[in-house]
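Notes to accompany the following structure.
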2 protein chains.
Amino acid sequence: MLLKDEFDFIKRIKPKNIHQTSLKKGIGDDSAVFEGSSTFDELICMDTMVEGVHFTKQTMTPFMIGYKALAVNISDIAAMGGMPTYYLVSIAIPSDWTEKELNEIYAGMSLLGNDYSVDLIGGDTVSSKQGLIVTVTVCGRIEKGRSLYRDQAQPGDYVFVVGEVGASAAGLELLLKHGYNYPYTDSEKKLLQAHQLPEPQVEAGRILANANERISLNDISDGLASEANEIAEASNVELTIDYEKIPRSDYIKNYSDDQKKKWSLFGGEDYQLVGTMPKEAFTKINQTFNQKGVKLTIIGEVTTGHANVYITMNGKKERLHKQGFNHFK
Amino acid sequence: MLLKDEFDFIKRIKPKNIHQTSLKKGIGDDSAVFEGSSTFDELICMDTMVEGVHFTKQTMTPFMIGYKALAVNISDIAAMGGMPTYYLVSIAIPSDWTEKELNEIYAGMSLLGNDYSVDLIGGDTVSSKQGLIVTVTVCGRIEKGRSLYRDQAQPGDYVFVVGEVGASAAGLELLLKHGYNYPYTDSEKKLLQAHQLPEPQVEAGRILANANERISLNDISDGLASEANEIAEASNVELTIDYEKIPRSDYIKNYSDDQKKKWSLFGGEDYQLVGTMPKEAFTKINQTFNQKGVKLTIIGEVTTGHANVYITMNGKKERLHKQGFNHFK
């Protein structure tokens, strides 16, 4: 028994296209059954996006909100080297959102889900007092024992980045200034897209997991500085990153040095990958990346030390903290 | 990059006691890895509780909110006959909630989780604009092919209920009138407890799954009328329930007939089980229930028909709809 439920349509609107072969007939929308497998480890992650904290109606359309809520979770699976398999979604929706907008959220998830053959198998739709809240759970699988973690970095390893960083934070800055209905240039639109419709690096994660090498990996959700520090902490080593080697998006090249630094080191939400691998593994792995057309860039080295990240720039070496980076400000 | 995050403590407070043997070192708090198994099917469910919709600060303490958010999900696993294994939790917390209250929510989950050896393996803590929102994902397992669904009822089967119904809705009515700080009688306290700290019927679900019989099953979250109709619809049969046989909580016996009817048929949130089984399976299954001290009650029969539920009372037979039940009002 609910105390009250203000919006009739919320009860009618259920996640569309719940996959019926995985979701066997006759169990609740909120529950699902799928086959276990001893040749794989099971992966699971859960992430929440809140209106006013992670997005506003000025920065994201409902479609984009749905797409991105699933994308950030698929990115967590990619960061473990896994394949996403199923997802569940719970949406708490306030009174200033319409049925049409809610359907668009599900459509955004569905578009990305189809790209990765990830089936929606359950979830919940409830009303919220204020602010839309989307929570997504993504299940995934990886060949037994092959999961990639953050604690595998060792002195002598390369530090690498998959893809390019900085565009998402630049896009957010534009969106906060002008909203999404504004006559942006084509180049600016690319920045917006990086923020609104990020592409999780599943294929890159799979290449790294299949390499069967000692690799540590993290997705760049909170910014390169933060994620590199997490690897340094989990592995208890020192990472030294060469600022000039960081692969920055071409679309931010005409902005100021300060902006480029801020966006590429602390911006976050690029959902690219950062990790470490043994130097001798690089050539072969890079070949596979080249074949698949995915960009892999060496940005530094792992050295003996205690859970710190350093950055070199203009011949100077400085501590790179998770947040803040006063030297360059 | 967050647009903003109002409460510093939210970033510090993470789900406590994340299980470190299942959650291997060096992956994010929001992600987890666990071993797959070919001898089991994987179960997963996700349910959300919203302040002002499912509870208020007058009806539930933070501890109870945490306990119940996990309990309703474990109940979904019980309704499939499974064993809960792991859980993830995402909490969106507004500014009028304190760090202490947030810790109490996790403590409530932890208490119930320990009862079932269900480990917290990940989750997310974010801020909400208004109203606390708790979303829990519970994983579970069941012996391959043994999952119980709602579509297995056939004419000639018994309809049964595990446990007793009606207490939770009675408790909610008291709480909405007086809040939880009120000099309740011991008997009233039992009603409150049924609403605030419901006990999922995992053991009963396991007995039914292990019976290896054709059983349909549903947990009573939305009221007996609603859940019985779901079985009738999924199985495309008619269920006829004898109102006098419904096992009602002793603690509501002194209330009016109308209240008893309302609470036991439409109240919901008892998290007991309703299902159907072949008549010839009953004696043996009931023996196991007796041995375990769990109450199993026959309340009616399945007959040929089309997705309807009937209820007999005082010699009259009436349609029992999911909600509303005008004849008895």
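Any read-out appearing in this document is the output of simple, stated calculations on the displayed coordinates, not a laboratory observation. What you are looking at is a predicted structure, and each value in this text was computed from that prediction instead of being measured. Cβ sites come from the backbone with ideal geometry, for glycine too, and all protein chains shown count toward neighbours.
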**Message:** Given all pairs of different Cα atoms, what value in angstroms does the Kirkwood hydrodynamic radius of chain A take?
**Reply:** 20.8 Å
**Request:** Given the peptides A:104-112, A:289-297, arrange them by the average over their residues of other C-beta atoms within 10 Å, most packed first.
**Result:** A:104-112, A:289-297
**Request:** Calculate, for residue A:181 and residue A:294, the FRET efficiency according to 1/(1 + (r/R0)^6) with r their C-beta to C-beta distance and R0 35 Å; round to the nearest 0.05.
**Result:** 0.60
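Over all directions, how big on average is the projection of the convex hull of the alpha-carbon atoms in the protein assembly as shown, in square nanometres? Kindly include the intermediate steps, with their values, before the conclusion.
Details: hull surface 118.0 nm².
Answer in nm², one decimal: 29.5.
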**Message:** Just to confirm a number: summing +1 for Lys and Arg and -1 for Asp and Glu over residues other than residue A:273 whose beta-carbon lies under 12 angstrom from that of residue A:273, what do you get?
**Reply:** -4
**chain B: angle of helix B:167-178 to the longest principal axis, Cα-based, in degrees nearest 10** = 60 degrees
**Request:** Mind checking A:51-57 for the average number of partner chain beta-carbons within 10 Å of each residue's beta-carbon?
**Result:** 4
**Prompt:** Against the longest principal axis of chain A, how steep is helix A:99-115, in degrees 0 to 90 to the nearest 10, with axes from Cα atoms?
**Reply:** 50 degrees
**Request:** Give the Kirkwood hydrodynamic radius (Å, one decimal) of region A:10-143, defined as one over the mean of 1/r across all pairs of different Cα atoms.
**Result:** 15.0 Å
**Request:** Sort B:96, A:222, B:151, B:76 so that the residue with the fewest other Cβ atoms within 10 Å of its own Cβ comes first and the one with the most comes last.
**Result:** B:96, B:151, A:222, B:76
**Prompt:** What value, in deg cm²/dmol to 500, does the helix sum -39500 (n - 2.57) over DSSP H runs of n ≥ 4 give at 222 nm once divided by the residues of chain B?
**Reply:** -9000 deg cm²/dmol
**Request:** Please sort B:35-42, A:123-130 by packing, taking for each peptide the average over its residues of neighbouring beta carbons within 10 angstrom, highest first.
**Result:** A:123-130, B:35-42
**Prompt:** At what distance in nm do the modelled label points of residue B:253 and residue A:258 sit from each other, each positioned 7 Å from its Cα along Cα→Cβ?
**Reply:** 7.8 nm
**Request:** Counting only C-alpha contacts under 8 Å and six or more residues apart, can you give the relative contact order of region A:190-329 as a whole percent?
**Result:** 39 percent
**Request:** Using only the Cα atoms of region B:158-328, build the gyration tensor, take square roots of its eigenvalues as a ≥ b ≥ c, and label the shape rounded, prolate or oblate: rounded if a/c is under 1.5, else prolate if a/b is larger than b/c, else oblate.
**Result:** oblate
**Message:** Give me the one-decimal nm value for the distance between modelled label points at residue B:314 and residue B:287, 7 Å along each residue's Cα-to-Cβ direction.
**Reply:** 4.2 nm
**Message:** Ratio of alpha-carbon Rg to the 2.2 N^0.38 Å globular estimate for region B:94-207, to two decimals, please.
**Reply:** 1.39
**Asked** Considering chain A as a Gaussian network with a 10 Å cut-off on Cα pairs, which listed residue, A:210, A:103, A:254, attains the greatest mean-square fluctuation?
**Response** A:254
**Item:** Alpha-carbon Debye profile of region B:193-287, log10 I(q)/I(0) at 0.16, 0.18, 0.23, 0.24 Å⁻¹
**Value:** -0.76, -0.95, -1.36, -1.41
**Fill in**
Here the relative contact order (percent) of chain B, from C-alpha pairs under 8 Å and at least 6 apart, is 22 percent
**Prompt:** Taking only C-alpha pairs under 8 Å that are 6+ residues apart, what is the relative contact order of region B:40-143 in percent?
**Reply:** 49 percent
**Asked** Where both partners of a DSSP beta bridge lie in chain A, what percent of those bridges are antiparallel, to the nearest 5?
**Response** 70 percent
**Prompt:** Does anyone have the angle between helix B:224-235 and the longest principal axis of chain B? Alpha-carbon axes, 0 to 90°, nearest 10?
**Reply:** 80 degrees
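Take every DSSP beta bridge whose two residues both sit in the protein assembly as shown, then give the antiparallel share in percent to the nearest 5.
Rounded to the nearest five, the antiparallel share is 75 percent.
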**Request:** Check cross-link reach from residue B:322 to the aspartates and glutamates: straight Cα distance under 13 Å, and skip same-chain residues fewer than eight apart.
**Result:** B:222, B:227, B:230, B:233
**Asked** Nearest-5 percent of antiparallel DSSP beta bridges in region B:183-319?
**Response** 70 percent
**Message:** At 7 angstrom along the Cα-to-beta-carbon line, where would the label on residue B:181 sit relative to the other copies? Give the distances in nm, shortest first.
**Reply:** 4.8
**Complete:** In order over region B:293-302: 3J(HN,Hα) from phi, Karplus 6.51/-1.76/1.60, θ = phi - 60°, whole Hz, x for each Gly or Pro, gives x, 10, 7, 10, 10, 6, 10, x, 9, 9
**Prompt:** Short version: ³J(HN,Hα) in whole Hz for each residue of region A:36-49, in order, from phi by Karplus 6.51 cos²θ - 1.76 cosθ + 1.60 (θ = phi - 60°), x for Gly and Pro, what are they?
**Reply:** x, 8, 7, 8, 10, 8, 8, 10, 8, 8, 8, 9, 10, 10
**Prompt:** What list of ³J(HN,Hα) couplings, whole Hz, do you get for region A:60-73 from phi and the Karplus terms 6.51, -1.76, 1.60, once you set θ to phi - 60° and write x for glycine and proline?
**Reply:** 9, 7, x, 4, 5, 4, x, 4, 5, 4, 6, 4, 5, 7
